[in-house]
Amino acid sequence: MVLITFDLALVLLVGAAAAAYFIFASFVFGAGYEPTPRAAVEKMLRFAEVGPSDTVYDLGAGTGAIVFRAARIYRARVVGVEVEPIRVGILRLRRRLGPFADRIAIHWGDFFHLDYRSATVVTAFLWPGAMTRLRPKLEAELPAGARVVSHCHRIPGWTATAYDRPTDVYLYRWPEARAPPSETARPTGGS
Ligand SMILES: C[S@@+](CC[C@H](N)C(=O)[O-])C[C@H]1O[C@@H](n2cnc3c(N)ncnc32)[C@H](O)[C@@H]1O
């Protein structure tokens, strides 16, 4: 009985520590963590027509929902950028244990400090504020022809080429994304 109580206390303690770290990391590193749903990952990679000749940058790679699928199924080169160290450890472990490690780079750091001139595709599932801050950087560095796909949040001031309502995914093409809405908007998916 004493042992069960001790076990329960230990489980509660570990749970509380994990929750506290999650909240702490959310504030310190600027975002919480939620894996991109599989349907949204698929839509993002298909919308962006990702293929073997692409270099995909996943901004805020989390534990790799987008990174590993883009490399394994779509054969792209992928750079996963993540700021939170435990997630970086998980990403590196998954990279080491899985196939196509040579196509995957894991970068521990802040995606606002990265250079996007070699990106052909950018994927993001971030807060609205991050999308606003990213816009001038993407405009300055993305090569013509690059695609940006975002789950949940639009890029303010840009016009989406397409939007999939069921998965809440926006597709932008650079530099066409700067055109007025009437020229490029093409919603897809359900009502
Ligand atoms: C909603 S999760 C998305 C996870 C991932 N893209 C996926 O498909 O599962 C957002 C991630 O962005 C990371 N993040 C937030 N701000 C960041 C920054 N400035 N630089 C790098 N990573 C960041 C967070 O740590 C978190 O893991």
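What the table shows:
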quantity: Descending semi-axes in Å of the range 38-188, equivalent ellipsoid built from Cα gyration tensor; calculated: 24, 16, 14
quantity: Antiparallel content of DSSP bridges confined to the range 38-188, in %, to 5; calculated: 30
quantity: Cα gyration tensor shape of the range 34-83, rounded if a/c is under 1.5, else prolate or oblate by comparing a/b with b/c; calculated: oblate
quantity: Positive minus negative residues near A61 (Lys, Arg vs Asp, Glu; Cβ under 12 Å); calculated: +2
quantity: Cut-off 13 Å between beta-carbons: net charge of the residues surrounding E82, Lys and Arg +1, Asp and Glu -1; calculated: +1
quantity: Placed amide H near A162: partners under 5 Å, 5+ positions off or other chain; calculated: L171, R186
quantity: Interchain or long-range residues, amide H under 5 Å from D58's placed H; calculated: V79, G80, V81, T123
quantity: Peptide ranges 124-132, 71-79 listed from the most packed, as the mean C-beta count within 10 angstrom indicates; calculated: 71-79, 124-132
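Values quoted throughout were computed directly from the atomic coordinates according to the rules given, and no laboratory measurement underlies them. What you see is a predicted model; the values in this text were computed from it and never measured. Virtual Cβ from ideal backbone geometry, glycine too; neighbours counted across all protein chains shown.
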